[in-house]
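What follows is a short report on a single structure.
What follows is calculated from the coordinates using simple rules that are stated; it is not laboratory data. This one's a predicted model, so the numbers in the text were calculated from it and none came from an experiment. Don't worry about glycine lacking a Cβ; one is built from the backbone with ideal geometry, like all the others, and counts go over all protein chains shown.
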């Protein structure tokens with residue numbers, strides 16, 4: 001049996017871990033924009049460094065984003081920021097910060113998901 005991981009070729013995000021009878025079976029697991037690395041590793045909080053050759057698996061870094069009143073600052077560029085509360089609204093952030101506001105006061109969950117897989121996703125609970 002062969003252990004492998006399937007990852008996105010552009011971002012390095014690990015899509016899944018596989019155990020297959022052979023390498024050919026593992027390669028079938030990868031879709032169009034994905035590839036396979038033959039490695040037996042825990043994939044929790046890991047990503048593939050796509051800029052290196054050969055590719056290697058590394059530990060994801062803490063997301064540097066932080067909440068400063070109603071502004072989330074130091075957001076890795078680019079990231080998808082999603083506000084959950086009275087529905088769901090997402091925006092792509094590429095300038096490192098986002099001002100939070102809501103039409104209806106209440107508690108909201110904000111999720112900052114960097115498109116660069118080297119950073120972890122970070123959640124904030126805020127009252128707006």
Within region 70-128, can you find the residues that are free of Cβ contacts under 8 Å to residues at least 12 places away in the same chain and on the phi > 0 side of the Ramachandran plot? 87
For residue 91, are the conditions met, namely being touching a strand residue (DSSP E or B) at 6+ places or on another chain (Cβ under 7 Å) and within 24 Å of residue 49 (Cβ to Cβ)? no
Within 16 Å of the chain's Cα centre (by Cα), under 12 Å from residue 5 (Cβ atoms) and touching a residue at least 60 places away in the same chain (Cβ under 8 Å): does that describe residue 48? yes
Determine which member of the set 24, 125 is outside any strand (DSSP E or B), more than 16 Å from the chain's Cα centre (by Cα) and farther than 23 Å from residue 11 by Cβ. 24
Test residue 90 against the stated conditions and say whether it is within 26 Å of residue 14 (Cβ to Cβ) and surrounded by fewer than 17 Cβ atoms within 10 Å (Cβ to Cβ). yes
Residue 4 fails exactly one of (1) free of Cβ contacts under 8 Å to residues at least 24 places away in the same chain; (2) more than 20 Å from residue 113 (Cα to Cα), namely (1)
Just one of (1) more than 30 Å from residue 106 (Cβ to Cβ); (2) surrounded by 13 or more Cβ atoms within 10 Å (Cβ to Cβ); (3) within 17 Å of the chain's Cα centre (by Cα) trips up residue 10, so point out which. (2)
Which numbered condition in (1) in contact with a strand residue (DSSP E or B) (Cβ under 7 Å, 6 or more places away or on another chain); (2) without any contact (Cβ under 8 Å) to a residue 12 or more places away in the chain; (3) under 30 Å from residue 1 (Cβ atoms) is the only one that residue 42 fails? (1)
Of the candidates 50, 59, the one satisfying the condition of being surrounded by 17 or more Cβ atoms within 10 Å (Cβ to Cβ) and either within 27 Å of residue 17 (Cα to Cα) or out of contact with any helix residue (DSSP H, G or I) (no Cβ under 8 Å at 6 or more places or on another chain) (or both) is 50
